[in-house]
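Student: One structure follows; several queries about it will come next.
The values are calculated or read from the model by the stated rules, or taken from the named source; none is laboratory data. Please read these numbers as outputs of a predicted model, since none were measured by experiment. Neighbour counts run over all protein chains shown; Cβ positions are idealised from the backbone, glycine included.
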Amino acid sequence: MPIISFTSWKGGVGKTFLTVNAAVYLASKGKKVLLVDGSRSGDAELMLGIKAEKTLYDVVLGSCSLSDVVSEKYGVSVLPIGFSLEAQRRVSWKAIYKSVKELSDKYELILVDTPPIVAGLVSRREALGSLVVGDLFYIVTTPAKTALMNALKTKMLLEKIGKKVSGVIVNRWRASLLSKPYYRPSEIEAFLKAKISAIIPEDKNVMRSINASKPLVLKPSSPAARAIVKFCDSFLLSY
């Protein structure tokens, strides 16, 4: 199974939320899943209700082993990177890549929540370095014109470094967006020259699940959860 990276040009499009929920659902289907909190914000752990006592930063310092920092919740193993300023400086993507490779034999699926390419918490060089860790890349965006333009920039950058975009996930979709001046899904695909792998509808349950630290896919009746499940089932059929 490949390493799957979810990426975006900027934050605020729901990338971490989608990565976390995809990981939880795939684990519920019996897959051994590792979630790498590459965004370094600690948001993935927060959404899962995990308080990481040790992170990859501690491994880099030599105070513990890699197996000591992997936490588990909802059947998902989580590799926290550390989000202190010192951790940002000391834990490079080379170290993260080495750790992922070391752990890869233990898991069937590895999902990476990459930092936004223009993230403020990591340097531009490190954000670009995060794109090395991944075999399949899904670009997460919203239907807003500015977000779609950023998605196009992300796609162009990935292609420039020799990475293939597996698909685009359009988050926070509303039926009202089918009317002008908004883009229809077919127009988004034409603009980005990439296929839409999933359309996640706007859902009031999303914020509730984040605030409760309970993944939305645990409530499969939710519209957004159903869309995430559909995306994951389609992925499993492909691989």
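Student: Being on the phi > 0 side of the Ramachandran plot and touching a strand residue (DSSP E or B) at 6+ places or on another chain (Cβ under 9 Å) is the filter here, so list the residues in the stretch 64-83 that pass it.
Tutor: GLY75, the sole residue that qualifies.
Student: While we're looking at this one, here's another question. Are any of the residues in the stretch 78-96 within 13 Å of the chain's Cα centre (by Cα), closer than 21 Å to ALA212 by Cβ and surrounded by 21 or more Cβ atoms within 10 Å (Cβ to Cβ)?
Tutor: yes
Student: Right, PRO220: farther than 16 Å from VAL168 by Cβ and modelled with pLDDT of 95 or more or not?
Tutor: Working: farther than 16 Å from VAL168 by Cβ: yes; modelled with pLDDT of 95 or more: no.
Taking the combined requirement at face value, the residue does not satisfy it.
Student: Quick test for you: out of VAL60, VAL70, pick the one residue that is over 30 Å from ASP203 (Cα atoms), touching a Lys or Arg at 6+ places or on another chain (Cβ under 8 Å) and aliphatic (A, V, I, L, M).
Tutor: On inspection, the qualifying residue turns out to be VAL60.
Student: Kindly evaluate ILE210 against the criterion of being in contact (Cβ under 8 Å) with a residue 60 or more places away in the chain, surrounded by fewer than 19 Cβ atoms within 10 Å (Cβ to Cβ) and out of contact with any Cys (no Cβ under 6 Å at 6 or more places or on another chain).
Tutor: Criteria met by ILE210.
Student: Only one of SER197, SER186 is among the small types (Gly, Ala, Ser) and in a helix (DSSP H, G or I). Can you tell me which?
Tutor: Among SER197, SER186, only SER186 is among the small types (Gly, Ala, Ser) and in a helix (DSSP H, G or I).
Student: Filtering the stretch 60-75 down to residues that are among the polar types (S, T, N, Q) and not in a loop (DSSP other than H, G, I, E, B), which residue is surrounded by the most Cβ atoms within 10 Å (Cβ to Cβ)?
Tutor: This residue is SER71.
Student: Let me ask something additional. Considering each of LYS54, LYS31 in turn, give the residue that is touching a Cys at 6+ places or on another chain (Cβ under 8 Å), farther than 17 Å from VAL206 by Cβ and assigned to a loop (DSSP other than H, G, I, E, B). Before the answer, list the steps.
Tutor: On the way: LYS31 fails: touching a Cys at 6+ places or on another chain (Cβ under 8 Å).
LYS54 is the lone residue from the list that is touching a Cys at 6+ places or on another chain (Cβ under 8 Å), farther than 17 Å from VAL206 by Cβ and assigned to a loop (DSSP other than H, G, I, E, B).
Student: I've got another one for you. Residues to consider are VAL165, VAL170; find the one that is closer than 14 Å to VAL140 by Cβ and touching a Leu at 6+ places or on another chain (Cβ under 8 Å).
Tutor: VAL165
Student: Let me ask you something else. Could you list, in sequence order, all residues of the stretch 189-239 that are farther than 19 Å from VAL13 by Cα and aromatic (Phe, Trp, Tyr)?
Tutor: Within the stretch 189-239, PHE235, TYR239 qualify.
Student: Could you tell me which of the residues LEU26, LEU35, LEU46 is at pLDDT 90 or above and surrounded by fewer than 23 Cβ atoms within 10 Å (Cβ to Cβ)?
Tutor: Result of the check over LEU26, LEU35, LEU46: LEU46.
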